[in-house]
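Let me begin by presenting the structure, written as structure tokens, before commenting on it.
Throughout, read-outs are computed from the coordinates displayed, never taken from laboratory work. Small disclaimer: the values here were computed from a predicted structure and weren't measured. Cβ: placed from backbone, ideal geometry, glycine included. Neighbour counts: every protein chain shown.
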């Protein structure tokens, strides 16, 4: 399976998906003009990845800002992770700047919504 890397833009995060390491990293801002079109390759990659995942899968999310359509997309993304939790030991690291209270609160909300996933809040150092 090929790895996937998408460079950050003014409106989109940098995304690195490494199947050999079981590692997904999303960093930056997320407010693309068409959220679902932008994230479609990411969703397709993760669906294919879970056909033969690593024993452990790590998702590092460090979002400075994301809009409501990105929030909906992340909700769907976490649904997909939760559906595959029996195939891999999945850990989501929600990394936030301690001065960005809304990012911390968003992470707390995802923890409440996805009780079957291991989501860890981590302050950025």
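Here are a few things to note about the model shown:
- Spin-label pair residue 116/residue 23, simplified geometry with 7 Å Cα→Cβ offset, distance in nm: 2.8
- Between region 1-54 and region 79-117, the Cα center-to-center distance that results, in Å: 16
- Relative protection proxy for 115-121, 16-22, from highest mean packing down: 16-22, 115-121 (other beta-carbon atoms within 10 angstrom).
- Net lengthening on full extension, residue 6/residue 65 (0.36 nm per residue, minus Cα-Cα): 19.5 nm
- Fluctuation leader among 70, 102, 30 - the chain, Gaussian network, Cα springs under 10 angstrom: 102
- Shape call, the chain: gyration tensor on alpha carbons, a/c limit 1.5: oblate
- FRET efficiency for the pair residue 34 and residue 89, taken as 1/(1 + (r/R0)^6) with r the Cβ-Cβ distance and R0 = 25 Å, rounds to 0.15.
- Helix-derived mean residue ellipticity, 222 nm - over the chain, DSSP H n ≥ 4, -39500 (n - 2.57), to 500: -11500 deg cm²/dmol
- Counting other Cβ atoms within 10 Å as a rough exposure proxy, the listed residues 39, 31, 49 run 31, 49, 39 from fewest neighbours to most.
- Three-way shape call for region 46-85 based on the alpha-carbon gyration tensor, with the a/c threshold at 1.5: prolate
- Rough spin-label spacing in nm, given labels placed 7 Å along Cα→Cβ, for residue 55 and residue 82: 2.7
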